[in-house]
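What follows is a short report on a single structure.
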Amino acid sequence: MSRILKYRELLLLVINLVLIAAFSTRAPGFASPKSLANIFNDTSILIILALGQMAVLLTRSIDLSVAANLSFTGMAVAMLNSAHPEVPLPLLIAAALGIGAGLGAINGFMVWKIGIPAIVATLGTLTIYRGMAFVLSGGAWVNQTQMTQAFLNTPRMPVLGLPLLGWTAILVIAIIAIVFTRTIFGRSLYAAGGNPTAALYAGVDVGRTKFFAFMLSGALSGLCGYLWVSRYAVAYVDIAAGFELDTVAACVIGGISTLGGIGSVGGAVLGALFLGVIKNALPVIEISPFWQMAISGLVIIIAVLLNARQDRRKGRLILRDAAKSRSVRVATPVEGAAA
Amino acid sequence: MSTLAAEKRPPRHIPDKLSTPAGRLLGSWETLLAAVAIAIFTANSLASPHFLDPWNLSDATYNFTEKAMIAFAMTLLIISGEIDLSVAAIIALASTAMGAAAQAGFQTPALVGIGLSVGLLCGAFNGLLVARFGLPSIVVTIGTMSLFRGIAQIVLGDQAYGGYPSSFAWFGQGYMSDFPWWPTIPGFEVVTFEMVAFVVFALLFGILLHRTTFGRWIYAIGNNAFAAQFSGIPVQRTKFILFLLTGLMSGVAAVCLTSRLGSTRHTIAVGWELEAITMAVLGGVSILGGSGSIPGVVLAAIVMGLVTFGLGLLNVPGIIMSIFIGLLLIVVIALPIVVRRIRSRTPA
Amino acid sequence: MSVAQAIAQNSTPLLEMRGISKSFPGVKALDSVDIALYPGTVTALIGENGAGKSTLVKILTGIYQPDGGEIIVEGEPVHFASAEAAIRNGITAIHQETVLFDELSVAENIFLGHAPRNRLGLINWGGMNARAAALLTSIDAPVSPYMRLKDLSIAQRHLVAIARALSVEARVVIMDEPTAALSYKEVEDLFRIIERLKRQGKAILFISHKFDEVYQIAERFAVFRDGRSIGAGLLAQTSQDEIVRMMVGRSVDHVFPKFDVAIGNTVLKVSGYSHPTEFNDISFELRRGEILGLYGLVGAGRSEFCQSLFGITHPSAGSLELEGRLIEIRSPADAVAAGIVYVPEERSRHGVVLQMPIFQNFTMATLGRTTRAGFLREAEEFALARRYAERLDLRAAALSVPVGTLSGGNQQKVVIGKWLAARPKVIILDEPTKGIDIGSKAAVHAFMSELAGEGLSVLMVSSELPEVLGMSDRVLVMREGRMAGIWKREELDAETLVRAATGNP
Amino acid sequence: ENIKIGLVVKSLGNGFFEAANKGAQEAAKELGGVDIIYTGPTTTTAEGQIEVINALIAQKVDAIAISANDPDAVAPALKKAAQRGIKVISWDSGVNKDGRILHLNPSSNELIGNMCLKLAADHLPDGKGDFAILSATSTSTNQNTWIAEMKKQLPKYPGLNLVTTVYGDDLADKSYREAQGLLSSRPNVKVIVAPTTVGVLAASQAVKDAGKIGQVYVTGLGLPSEMAGAVHSGATKQFAIWNPIDLGYSAAQIAYRLVKKETDGKPGSEINVGRMGKIKVGENGEAAMADPFVYDAKNVDEFAKIF
Ligand SMILES: Nc1ncnc2c1ncn2[C@@H]1O[C@H](COP(=O)(O)OP(=O)(O)OP(=O)(O)O)[C@@H](O)[C@H]1O
Ligand SMILES: Nc1ncnc2c1ncn2[C@@H]1O[C@H](COP(=O)(O)OP(=O)(O)OP(=O)(O)O)[C@@H](O)[C@H]1O
Ligand SMILES: [Mg+2]
Ligand SMILES: [Mg+2]
């Protein structure tokens, strides 16, 4: 285990399990396999978005436009589906990925070629993309009856007790894990954010890496656009409003540094699940709806505090005895930031 | 006192500055923004016959005055390399506290005091987490953003606080001409309290940032916190004070907004954090810290106010307006970068 | 193999750069320079700070594109569009700046950009770790490929950087000031590795400001001045004075101009200073007009100790007396107020704010002197900055340009000037001449003597033996966070110091 | 010069208000010489609506008809409008008495509250059993009024038991999760009443996904076009809504009559609202239109084409 999951992820996993156990004392059945599958399924979209956000955060950037991208792409594919019901679903999903990637590429282009700070570029496109969703639809909704059955029902088709939506998340996690740990592009993400100068010297094109990170984040947002619309069977301009901060929160709770270069796929997934567990638990454990927001805020702060305690620099431990106690820790192999 | 170097050669003369003041003014961000403001002002007056009406312009200032007051403090914070996403939530909490106090029968001065104190407290909480525990501010304030508004929601639930004393309404709705000592110059009766507050705070923050030791510290910290610390600058204390200031200004905005609305719900000022940050960034504040100016932010506030009001007069839907603001932000940030790049390509 | 033999065997260059030019906005960093590298030979590239050495390295490694000129490898003209292209052509470098990744494992630091891949094109972690382990063993590096870089010491990082340079099938190895952060012992190790590379027939470009090293390891040299080639040839046929003259354009006589000054009363008394993990039980007295050298191997804890005197870190035990009064220093501000200032080792990280104007850097620590009631007065700031800029003979276009536009030596002058403005009693200089060329070094040394002559007490951290021996009245040696001894100038010799620092009898 | 009426809605991009706009445009055409300015903020906030109101005041519109995001917060701005000679009415979601001349309820609040209870009872065997309310945001005026009315009239339905009220904030994902929470933690709840379209839709979807169609029903207030899918799936048997077209039509008509000084809109006055006949202003300056209309599988498709 220790080779696959680093200490931080292990801690987060334990926290997640403790939370689930605690909640199930108040809401029997919360920990049942069915309920857990439910929570995972419900968190799938956040997980996928968080993985995209993670790619961007790793390169020392941030993508605030993920939710707006989701809204625009969701609206676009829903309208496409309603106007041309004959277009097969795989093509629509490809369109969602493509549109999303295109919007992500716009962000990436501004960061790479013009040199606008990512937070500024995506703060701009955050409003622009959602505005475009409004322009595209004229403010009208796309309703359930306008969408085809295949469009609506495919992601909710259960396979081995988990809907396809959940399986999609698992597939994305697997692909991203391989991409981040075992491809040149994935390692470039870590390098570009960890030390841009060093990355340049090592032959990594930092700007281009950022561009592709944004494109990846965009493509995943686009995919989520489709998944969202089909899950809630309606498309309107405001969908997923404010979700960009949830994705950042999931990453941060999962130990991905907003300063780039640090983080693991496991962390991002567990961070998203952490938020998912809380979001799903609060409605069932008899907590006043008015308390939910404060509790999630508090929980984020506590998670960040816990994370930071682990990060505390240990100093250089020059004195022999101090160094000895450290060397025990160092000796445990660490496989880069892979995991 | 002689030096070896001096014995060898007389010291070289180093000029204070390279360019002339006029040259610096011409190339500055503020000049660019002022040009944009004038262009939008002209476009607005051509596009709508209702634009050049003093009362309308006076109403239009409400589009930006409160947000700008937060943006001033946010500017300092961003220059120092931090950020506060919880400002709108602080407004909600401060407003809720004032509402509760008003229900309990407190009078206007006490209400204002309570609003500002809650703002300060929230700022202190953020400051503590960032400056004392060394947590990244973007993450901390994502958390406190939910926490502060969440507390407001716990207190208010689905209810609203109203029933503020009538004198309280003056901060957000009053005109300076309500004062006997305000000069009765024709044309000046449209000056609102918030406008005066905007100008006063712009001056205060401008002086604080550009003319005091504290302001210099902010730049030093934002550019290189280590070097600042190694120069004896109290880095963490400065950051803490900046969070306090941001909290306080959110409290001020809460007083103005609550007074203007006359009621408090927990959704008050939703989304303002991004608008305040947009204002600062549009004003030329580097989101990475280290540079920016108050005059720039003042101009950016005016530009944003003019754009929203001008488009409002043309009944452009708000969401289309936000496309304009987003484009404006990107174009104004990109323009100097692109121009600089083109200029460096053609040899001078 | 003698130098003459080597040269006789390798008369055709492996790599040649001809007429290379490179301009940055406002600076012509390289103006049609030439250099040739021969197989099995170390060529030293020598020049003042800002002469264009690192720029040449970056062009050769594909990081910068030259404005003009050509690169010829084994007779074929080549063009490196990216860092990767240079690596593919067998050119590898240890760069001057830290170019490693704190958060990644040692193995990945070594192989980033050219990791071994399996048939699917995916990175082969097992193969990479195995190859990294083999590579590290071959250079006697006591480092596991699985360790994370941030857990390594400076010296260990250095070994990783070397392993990285050797991880590609290199024909040309470039080392840009590889010894600047190393102490005596690690330099010896590095030289052994270089000797091995030579035997393997690789061409080596070695950049250093330290002449003893250059003469020890290199056969050939090339000198740059202000971005131009001034001379090149065989070191065996050229004296140090000739090279210095080529480099500076004049001769430099006083590298260690230590004057005898009257040593006064005790100014600073440190007793039993300790820190839980970094240093233990440091005690000494520092007198008026005295220069106390602080010698040790890299990583001995000297900087940490000095930083605790300055209030950056906090001692867990011990006391401090300044002019007979017990003081406690909780922050740098306390230290400055008490009259203790610190010129840090990492200049651009801790010393100056690169983006801010020169005059603001000068006044940063002493804004109280140029303000009234907290309000800035720019004219006074300029006046103060000018006073110290002239005293230190600063070279700058104007006082309002950012410090980042200055050369390293001039940046160091700004840091020193900033602290002189605080009118200190004790000045701590941490590696004051690290990475500084011989001309500027002489100026810093002269200035140090002068300050002592004016009655300042100087604590000088240095890893350079000649500097310690040449400048100190007394020397304190630290080893692994503890005091290894303290010696007077008269009792000093290099051997004593090295023995104390390494702990070898 | 044409009469300009500002039709201010809670937010743009909402089918209900689009339909109301359609009605208002119809009224404008019928009356002649009237321009409808259909506008609203990006988010459903009072601050956003105030900016919109200020822009309307600046354009010197003749009347403002508003569906308010907050009854108190927009009042000061509307009072300013009134001072500048603009006739202000509210419709759908009201404004405090001193901020407007009159308020046009889509139906009386009692009727709506009653209708929601009736719908719940109709879905339960013998009209007895547990039900829960899924509301929008906790600040939304009309939602809160209707919930209050439902609670008030609950005694008229013995056996009908309100278990809890939850808030979906008019966000699809949150509403869905709240509905899911109800399904798992309140197994006795047989009916979810959502007086908001996003709520009914999300709850229907949650019921469908949980495979509880036929065990748990969802009902409430929604537009036929948006609800058709839920009705077809069987998650919703019936739901109700008033006609938003008629509502917008009437609001525009009333505003026009006020501008033309055909009425002062005081309590007790009767206003001519074109094809809708006459509306009487009651106490508190509130007027109400007809009963909500109930839709089910038989008629929903027909109306889905209209709004
Ligand atoms: N990226 C850059 N942008 C602008 N100027 C640069 C840049 N890199 C180097 N220079 C300038 O080019 C000149 C040569 O710099 P270079 O780093 O090559 O010197 P160097 O010989 O390596 O000096 P040192 O001994 O201090 O390392 C200097 O004047 C430097 O300021
Ligand atoms: N393992 C490490 N991790 C992080 N920083 C380090 C490490 N080793 C050294 N440093 C920092 O790098 C700089 C150079 O350290 P170096 O060891 O060369 O200085 P030194 O004075 O010889 O050592 P010390 O300060 O321990 O006596 C110092 O500022 C030190 O804090
Ligand atoms: Mg160099
Ligand atoms: Mg050191």
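The values are calculated or read from the model by the stated rules, or taken from the named source; none is laboratory data. Treat the numbers as computed from the prediction; the structure is a model and nothing was measured. Positions of Cβ are backbone-derived with ideal geometry, glycine not excepted, and every protein chain shown enters the neighbour counts. Note: accessible area is taken over every heavy atom of the protein model, side chains too, but ligands, DNA and RNA are not part of it. Shrake-Rupley method; radii C 1.70, N 1.55, O 1.52, S 1.80 Å.
Which ones in the range B:196-206 are of a type in the set (A, V, I, L, M) and either farther than 13 Å from B:PRO295 by Cβ or surrounded by 14 or more Cβ atoms within 10 Å (Cβ to Cβ) (or both)?
Keep residues of the range B:196-206 that are of a type in the set (A, V, I, L, M), which gives B:196-197, B:199-200, B:202-204.
Correct list: B:VAL196, B:ALA197, B:VAL200, B:ALA202, B:LEU204.
Filter the range A:282-310 down to the residues that are open to solvent by less than 40 Å² (accessible area, probe 1.4 Å) and of a type in the set (S, T, N, Q) and list them by number. Show your work before the answer.
As a first pass, look at the range A:282-310 and keep what is open to solvent by less than 40 Å² (accessible area, probe 1.4 Å): A:282-285, A:289-290, A:292, A:294, A:296-297, A:299-301, A:303-304, A:307-308.
Within the range A:282-310, A:GLN292, A:SER296, A:ASN307 meet the criteria.
Look through C:ASP212, C:ASP241, C:ASP226 and report the one residue that is within 16 Å of ligand 3 (Cβ to nearest atom), surrounded by fewer than 17 Cβ atoms within 10 Å (Cβ to Cβ) and away from every other protein chain (no Cβ under 14 Å).
On the way: C:ASP212 fails: within 16 Å of ligand 3 (Cβ to nearest atom); C:ASP241 fails: within 16 Å of ligand 3 (Cβ to nearest atom).
The match here is C:ASP226.
Do you know which of the residues in the range C:339-364 that are free of Cβ contacts under 8 Å to residues at least 60 places away in the same chain and within 16 Å of ligand 4 (Cβ to nearest atom) is most open to solvent (accessible area, probe 1.4 Å)?
Applying the first criterion (free of Cβ contacts under 8 Å to residues at least 60 places away in the same chain) to the range C:339-364 yields C:346, C:349-350, C:353-364.
Narrowing further to those that are within 16 Å of ligand 4 (Cβ to nearest atom): C:346, C:349-350.
Values: C:GLU346: 87, C:ARG349: 110, C:HIS350: 18 Å².
My answer is C:ARG349.
Condition test on D:SER185, is it at pLDDT below 90 and within 17 Å of the chain's Cα centre (by Cα)? Spell out the reasoning first.
Numbers: at pLDDT below 90: yes; within 17 Å of the chain's Cα centre (by Cα): no.
In short, no.
Cβ-Cβ below 8 Å, separation at least six or inter-chain, first residue in the range C:65-87 and without any contact (Cβ under 8 Å) to a residue 12 or more places away in the chain, second open to solvent by less than 40 Å² (accessible area, probe 1.4 Å): which pairs?
Qualifying pairs under 8 Å: C:PRO77/C:ILE71; C:VAL78/C:ILE71; C:VAL78/C:ILE72; C:HIS79/C:ILE71; C:HIS79/C:ALA85.
I'm trying to understand the selection: among the residues of the range B:302-311, which are open to solvent by less than 10 Å² (accessible area, probe 1.4 Å) and out of contact with any Ser or Thr (no Cβ under 8 Å at 6 or more places or on another chain)?
Here is the first cut: in the range B:302-311, the ones open to solvent by less than 10 Å² (accessible area, probe 1.4 Å) are B:303, B:305, B:309-310.
Once the filter is applied, which keeps residues that are open to solvent by less than 10 Å² (accessible area, probe 1.4 Å) and out of contact with any Ser or Thr (no Cβ under 8 Å at 6 or more places or on another chain), the range B:302-311 yields B:VAL303, B:PHE309.
Sort out which residues of the range C:453-498 are crowded, with 17+ Cβ neighbours inside 10 Å and among the hydroxyl-bearing types (Ser, Thr, Tyr), and write them in order of number.
C:SER457, C:SER462, C:SER463, C:SER472, listed by residue number.
Would you confirm, using the coordinates I've provided, whether C:PHE310 is more than 16 Å from ligand 3 (Cβ to nearest atom) and within 14 Å of chain B (Cβ to nearest Cβ)? Working first, answer last.
Numbers: more than 16 Å from ligand 3 (Cβ to nearest atom): yes; within 14 Å of chain B (Cβ to nearest Cβ): yes.
Against the criterion (more than 16 Å from ligand 3 (Cβ to nearest atom) and within 14 Å of chain B (Cβ to nearest Cβ)), C:PHE310 qualifies.
When the range C:260-304 is examined, which residues are found to be without any contact (Cβ under 8 Å) to a residue 60 or more places away in the chain and more than 10 Å from chain A (Cβ to nearest Cβ)?
Hits for the range C:260-304 are C:ASP260, C:ALA262, C:ASN265, C:THR266, C:LYS269, C:VAL270, C:SER271, C:GLY272, C:TYR273, C:GLU285.
Hey, among C:ALA383, C:ALA365, C:ALA333, C:ALA389, which residue is out of contact with any Phe, Trp or Tyr (no Cβ under 6 Å at 6 or more places or on another chain), among the aliphatic types (A, V, I, L, M), assigned by TED's automatic domain parsing to the domain that holds C:SER308 and part of a helix (DSSP H, G or I)? Walk me through it before giving the result.
Working: C:ALA383 fails: assigned by TED's automatic domain parsing to the domain that holds C:SER308; C:ALA365 fails: assigned by TED's automatic domain parsing to the domain that holds C:SER308; C:ALA389 fails: assigned by TED's automatic domain parsing to the domain that holds C:SER308.
After ruling out the rest, the residue left standing is C:ALA333.
Which residue pairs have Cβ atoms closer than 7 Å, lie 6 or more positions apart in sequence or on different chains, and pair a first residue in the range C:152-167 that is within 11 Å of chain A (Cβ to nearest Cβ) with a second residue that is within 16 Å of ligand 4 (Cβ to nearest atom)?
Note: pairs meeting the criteria are C:SER153/C:GLY299; C:ILE154/C:ALA181; C:ILE154/C:VAL298; C:ILE154/C:GLY299.
When you scan the range C:412-426, how many residues do you find that are open to solvent by less than 20 Å² (accessible area, probe 1.4 Å) and more than 16 Å from ligand 4 (Cβ to nearest atom)? Give the derivation first.
We begin by selecting, within the range C:412-426, every residue open to solvent by less than 20 Å² (accessible area, probe 1.4 Å); these are C:412, C:414-421, C:424, C:426.
With more than 16 Å from ligand 4 (Cβ to nearest atom) added as a condition, the list becomes C:414, C:416-421, C:424, C:426.
Adding up the residues that qualify gives 9.
Regarding C:HIS95, is this residue crowded, with 20+ Cβ neighbours inside 10 Å and touching a Phe, Trp or Tyr at 6+ places or on another chain (Cβ under 9 Å)? Break it down stepwise before answering.
Numbers: crowded, with 20+ Cβ neighbours inside 10 Å: yes; touching a Phe, Trp or Tyr at 6+ places or on another chain (Cβ under 9 Å): yes.
Spelling it out, C:HIS95 is indeed crowded, with 20+ Cβ neighbours inside 10 Å and touching a Phe, Trp or Tyr at 6+ places or on another chain (Cβ under 9 Å).
Looking only at the range A:185-199, which residues are within 7 Å of chain C (Cβ to nearest Cβ) and in a helix (DSSP H, G or I)?
Filtering the range A:185-199 for residues within 7 Å of chain C (Cβ to nearest Cβ) gives A:187, A:190-191, A:194-195, A:197-198.
The answer is A:ARG187, A:TYR190, A:ALA191, A:GLY194, A:THR197, A:ALA198.
Within the range B:112-124, can you find the residues that are touching a residue at least 40 places away in the same chain (Cβ under 8 Å) and surrounded by fewer than 24 Cβ atoms within 10 Å (Cβ to Cβ)?
B:VAL112, B:LEU116, B:SER117, B:LEU120, B:LEU121, B:ALA124
May I ask you to verify whether A:THR247 is within 19 Å of the chain's Cα centre (by Cα) and within 14 Å of chain C (Cβ to nearest Cβ)? Reasoning before the result, please.
Working: within 19 Å of the chain's Cα centre (by Cα): yes; within 14 Å of chain C (Cβ to nearest Cβ): no.
So A:THR247 fails the test.
If you take just the helices (runs of 4 or more DSSP H) that sit entirely in the range A:204-313, which of them hold at least 1 residues that are in contact with an Asp or Glu (Cβ under 6 Å, 6 or more places away or on another chain)?
Qualifying helices (runs of 4 or more DSSP H): A:206-232, A:265-284.
Considering only helices (runs of 4 or more DSSP H) fully contained in the range D:1-105, which possess at least 2 residues that are within 30 Å of B:SER167 (Cα to Cα)? Quick ask: steps written out before the conclusion?
Details: elements: D:15-31, D:46-58, D:75-83.
In the range D:1-105, the matching helices (runs of 4 or more DSSP H) lie at D:46-58, D:75-83.
Can you tell me how many residues in the range C:43-57 are more than 6 Å from ligand 1 (Cβ to nearest atom), under 15 Å from the mean Cα position of the chain (by Cα) and in a helix (DSSP H, G or I)?
0
Does A:ALA177 qualify as being at the interface with another protein chain (Cβ under 8 Å from one of its Cβ atoms) and within 21 Å of A:PHE212 (Cβ to Cβ)? If you could, list the steps in order and put the result at the bottom.
Values: at the interface with another protein chain (Cβ under 8 Å from one of its Cβ atoms): no; within 21 Å of A:PHE212 (Cβ to Cβ): yes.
In short, no.
Kindly indicate whether any position in the range C:465-479 is within 28 Å of C:VAL248 (Cα to Cα) and within 16 Å of ligand 3 (Cβ to nearest atom).
We begin by selecting, within the range C:465-479, every residue within 28 Å of C:VAL248 (Cα to Cα); these are C:465-472.
Okay, now just the ones that are also within 16 Å of ligand 3 (Cβ to nearest atom), so none.
No, the conditions are met nowhere in the range C:465-479.
Go through the range B:26-76 and give me each residue that's open to solvent by 30 Å² or more (accessible area, probe 1.4 Å) and either under 23 Å from D:ALA81 (Cα atoms) or in contact with a Gly (Cβ under 6 Å, 6 or more places away or on another chain) (or both).
Hits for the range B:26-76 are B:TRP29, B:GLU30, B:SER45, B:ALA47, B:PRO49, B:HIS50, B:LEU52, B:ASP53, B:PRO54, B:TRP55, B:LEU57.
Looking at (1) more than 14 Å from chain D (Cβ to nearest Cβ); (2) closer than 30 Å to B:TYR164 by Cα; (3) surrounded by fewer than 23 Cβ atoms within 10 Å (Cβ to Cβ), which is the one condition that is false for B:LEU274?
Failing condition for B:LEU274: (1).
Out of all the residues in the range B:283-305, is one or more within 14 Å of chain D (Cβ to nearest Cβ), assigned to a helix (DSSP H, G or I) and within 24 Å of B:MET195 (Cβ to Cβ)?
yes
Would you call C:MET460 under 19 Å from the mean Cα position of the chain (by Cα) and either away from ligand 2 (no atom under 16 Å from the Cβ) or part of a loop (DSSP other than H, G, I, E, B) (or both)? Break it down into steps so the answer makes sense when it comes.
Details: under 19 Å from the mean Cα position of the chain (by Cα): yes; either away from ligand 2 (no atom under 16 Å from the Cβ) or part of a loop (DSSP other than H, G, I, E, B) (or both): no.
Considered against the rule, which asks whether it is under 19 Å from the mean Cα position of the chain (by Cα) and either away from ligand 2 (no atom under 16 Å from the Cβ) or part of a loop (DSSP other than H, G, I, E, B) (or both), C:MET460 comes out as no.
Scan the range C:319-355 residue by residue and report those that are closer than 23 Å to C:GLY272 by Cα, among the basic types (Lys, Arg) and within 11 Å of chain B (Cβ to nearest Cβ).
Listed by number, the list holds a single entry, C:ARG330.
Only one of (1) surrounded by 23 or more Cβ atoms within 10 Å (Cβ to Cβ); (2) under 30 Å from D:ALA75 (Cα atoms) fails for B:ASN315. Which number is that?
Status for B:ASN315: all satisfied but (1).
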